[in-house]
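A quick write-up on the structure given underneath.
Since every read-out is calculated from the coordinates, none of them should be taken as a lab result. The structure displayed is predicted, hence computed values, not measured ones. Virtual Cβ from ideal backbone geometry, glycine too; neighbours counted across all protein chains shown.
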Amino acid sequence: MSKKCKRQVSGTVLLRGLAVAASVALTATGCSGSSTGDSGAAGGTLTVVSASPPASLDPTKANVGSDNWFVNLTYDTLLRLGPNGQLEPDLATTWGYVGTGNKVFDLTIRPGVTFSDGSPVTAQAVAASLNYARRNGLNVSWTSAVSSVTATGPDTVQIQCATPNPDLPGLLDQVSLVGSVISPAGLADPSKMGTASYGAGPYVLDAAKTVAGDHYTYSPNPDYWDKSRIHWKQVVIKIVSNPDSALQAVQTGEADALSIGPSQAATAVSDGLTVKYAPVAFVGVNLVDRDGAVSKPLASLKVRQALNYAVDRTAIAKALFQQYGAPTDEISIPGQLGYAPDDDNQYPYDPAKAKQLLAEAGYPNGFSMNVETQQGGGIDLLTQAVLQDWKQIGVTTNVTTDTTIGQWLSNAVSRKFPALGFGYGAAPAYLLSLDWMLPHATAFNPFATSDPALTSLLAQAAAAPAAQQPALDQDAMRYVVGQAWFVSVARLDGIYAYSGNKLTGFDVSQGNLLPDIAWTIAPK
Amino acid sequence: MAVFRMVLRRLLSSIPLLFAVSALTFVLVSLVPGDPARTIAGEHATVAQYTAVRLQMGLNQSLPLQYWHWLVQAVHGNLGSSLFSGEPVTQLLSNRLPVSLSLIISGTAVSGVLGVALGLFSARRGGFMVKAVDGLSLFGLGVPPFWLALVLVEVFAVKLRWFPAIGYVSPATDPAQWARSLVLPVVSLSLGASAIIAKQTRDSVLDTFNKDFIRVMQANGFSQRSILYRHVLKNAAIPVVTILGVVFVSLLAATVFVETVFAMPGLGLLIQQATLQHDIPVIQGAVLYITLLVVLANLLVDLAYGLLDPRVRAA
């Protein structure tokens, strides 16, 4: 077993449900190595609760965050984000950028591994899977810089980028799903991937014991390369959409773990469940019409800053999220590339200053505009709270509240709304830039606002050596907050409750927010 | 033969209904804001990707054309596949139907038995029982099944651990666990319905007791028991059967809430999930199944009328 650290990298978690798109990123050190195969002592049944069925069991179509448990059980990824936030080997044993500029990335594939259908995991298969994912995946923008993925030898793969992508290692772990390796049989008929598994993961989907939309049953993969990772004879993911019912199921022992909301945490603790949490997302109102196409006042920097000063973030965060939310002005969370502690309070609550800025911008009596928001995850409530604060400085709004993510996305990209209530998972600055800051139309930058100074800062950071990257990313974040492109209000914790008497390895930390159901959660 | 003709006539007359309901559902779903292609393509999708998904799903076609394509397939027994899981809709619905039927049939049966028993008891005893049944009716009508279900789970599942909090066990897997998994959902569904049936039963029985032919029988010395069970009940049953039909149909709607609380894989939960996702083929298929259930329930009510009243048979 060789061990060789190549460079500092960033991992990414994007947690996205109906309402909250959430992600986390972290800095870690990519190392090489391997785990020894051992006969795993499988426990009984692990039952976890999910609030919604997966968008798909196909790793390229599944929602990152809300669907990871469904996919990670059956698809091993090239790299593994460990409980402490370190990237570890999985199907790749070594990895790293070649040369400077973050454009070429090499991987060595673990020998002797097979997919659950019996076919070998070769460099060719890995390259084909990555190429499929970058062309057809839900998160195609993350890999938009990649120009080719090729097998350069029987067990080596090279990723080439047209423009610098400093986050490739983070994209290849079990959280981002892009690096979930799909067998040639799956790629031959992608329509089958929605109802069956074609991976090299520790478990396989037991279709006979699965009712789509209700529960998904997984049994151990007898050919898995590291049997010591298989801790359960059966894993069941039960769909319970009602949050109260979901918690009751864990209270009664019918299920073992679930994700909960802030209002449920006290109940969970009082019932003897173990609760773990860490910051996972940020919420606020995005001022997307920065050129004033449909709301002229928003073209003024002073107006956008006034809208920031007008919001009492501390009061809103406490009222809506109790101790599981913290006020913030930026779209990043601690531990991620781009997070700048000094940027958390760039706009302290100051309604008088907000009114003064409005007057200076030529709107002493305020103005009116349309706002779109989305139901759930506290986003609609938070938007309402922000709008109430704006009303105090004379800015009135007409709100449209969408009930589904599809509805929100349609409205967001329609360019009819100058401001959008949002929830978004934390991510490293590079991935954030793809959705939020670069001059192309996305749901978070629908008017494709262009700021050459920001674009230049981001380009510089993307191509920088690892050591320089954190400072450059912070510069970009400080700049965009200073330009008041959005009114970020609070960062939220992802909260999990589980049976501490039964489970061990249920880790939630700033380094890795998504408990690893496939590898680390084991019977106590 | 007359019954067979009646059944055939009712079934044939339901075809336009199915057609109308499916068309109306298609229009209503299309009017709801949102776009399944946008959901499937995701928030990071390029315009080209989004357009490709729309093309693949046939959403670029006009609404009448989309409906026509669905209708042609449906007539051939193909209800399409879920836009999200890719699973055939008929398979999805076949998996879900037994769960909902278990709930609805059990709920109707429990409501019927409990309601008729309470109604009879109240009609016979009068006094306090009348007030009790009225009070129960008000309570049953006023308490939403959703809330009642949450309270029942808290008490009987979380605190007492008598019944499971969530889930459904197939009778083929374990009949005892199947019955156990149905207790709390069925109680949630039945409380309001049984109260309505009790009230209806009491009123019908009292009304029948006041009819002339009953007075004649009483004057001729027939025993009260014989009058009640052989004559009054049969005459009073027709409005009760009507209410039972209504209960069956209303429980179809109530299952959406109860299946959500108890996380039971029935049609109600499927419709809720499909509606949130804009999964049109699944919504269309589910509505079709539910319309058929309503038609069948009404048919059974009509057949029951015939059994209870010879004049209906003759007509």
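Between the alpha-carbon centers of the stretch A:179-256 and the stretch A:440-490, tell me the distance in whole angstrom. Rounded to whole Å, the Cα centres lie 38 Å apart.
Converting phi to 3J(HN,Hα) with the Karplus coefficients 6.51, -1.76 and 1.60 and the offset θ = phi - 60°, the stretch B:6-17 yields 5, 4, 4, 4, 5, 5, 5, 5, 7, 4, x, 5 Hz in sequence order, with x at every glycine or proline.
When the chymotrypsin sites (Phe, Trp or Tyr not before Pro) in the stretch B:217-302 are filtered for DSSP coil states and for at most 15 other beta-carbon atoms within 10 Å of their beta-carbon, the remaining sites are B:PHE222. Charge tally for A:TYR430 (other residues, Cβ to Cβ under 11 Å; Lys, Arg +1; Asp, Glu -1): -3. Calculated mean residue ellipticity, 222 nm, chain A: -7000 deg cm²/dmol, from DSSP H runs (n ≥ 4) at -39500 (n - 2.57) each, averaged per residue and rounded to 500. Averaging the sequence gap over all C-alpha pairs within less than 8 Å and six or more residues apart, then dividing by the number of residues, gives the stretch A:227-374 a relative contact order of 19 percent. Over every Cα atom in the protein assembly as shown, the radius of gyration and the widest Cα-Cα span, Dmax, amount to 30.4, 110 Å. For the stretch A:169-305, the Kirkwood radius over C-alpha pairs fed into Stokes-Einstein at 20 °C and 1.002 mPa s yields D = 110 µm² per second.
For the stretch A:279-493, the Cα-based Rg and Dmax, in that order, read 16.0, 49 Å. Peptides A:419-428, A:177-186 ranked from most to least packed give A:419-428, A:177-186, packing being the mean of other C-beta atoms within 10 angstrom over each peptide's residues.
Mean per-residue shielding of peptide B:146-157 is 2, counting Cβ atoms of other chains within 10 Å of each Cβ.
Only helices enter this figure: runs of n ≥ 4 DSSP H residues, each worth -39500 (n - 2.57), summed and divided by the residues of chain B, yield -25500 deg cm²/dmol at 222 nm to the nearest 500. Over the stretch B:89-314, all Cα pairs binned in 5 Å intervals from 0 give whole-percent P(r) values of 1, 7, 13, 15, 16, 15, 12, 9, 6, 4, 2, 1, 0, 0, listed from short to long.
Among the residues of B:262-269, the average count of other protein chain beta-carbon atoms within 10 Å of the residue beta-carbon is 4. Near the amide H of A:VAL487, within less than 5 Å, lie the amide hydrogens of A:VAL285, A:ASN286, A:LEU287, all on another chain or at least 5 residues away, with H placed in the peptide plane.
Counts of other chain beta carbons within 10 angstrom of each beta carbon in peptide B:30-38 average 5.
Normalised radius of gyration (Cα atoms, divided by 2.2 N^0.38 Å) for the stretch B:1-71: 1.69. Among A:214-227, A:275-288, sorting by the average number of other beta carbon atoms lying within 10 angstrom of each residue, highest first, gives A:275-288, A:214-227. Entry note: the stretch B:206-315 has Rg to Rh equal to 1.22, where both radii use alpha-carbon atoms and Rh is the Kirkwood radius.
Which residue fluctuates most in the GNM of chain B (Cα springs below 10 Å): B:ASN220, B:ASN210, B:ASN95? With Cα springs under 10 Å in chain B, the top fluctuation among B:ASN220, B:ASN210, B:ASN95 is at B:ASN220.
Partners of A:LYS227 within straight-line reach, counting lysines whose Cα lies under 30 Å from its Cα and excluding those fewer than 8 residues away in the same chain: A:LYS3, A:LYS4, A:LYS6, A:LYS61, A:LYS192, A:LYS209, A:LYS238, A:LYS276, A:LYS502, A:LYS524.
Note on A:LYS353: lysines with a C-alpha under 28 Å away, same-chain residues under 8 apart excluded, are A:LYS296, A:LYS302, A:LYS318, A:LYS391.
Can you give the percent of C-alpha pairs in the stretch B:137-266 whose distance is more than 26 Å? Across the stretch B:137-266, Cα pairs with separations above 26 Å total 41 percent. Residue-wise HN-Hα couplings along the stretch B:257-264, as the Karplus relation 6.51 cos²θ - 1.76 cosθ + 1.60 with θ = phi - 60° gives them from phi, are 6, 5, 5, 5, 5, 8, 6, 9 Hz; Gly and Pro carry x.
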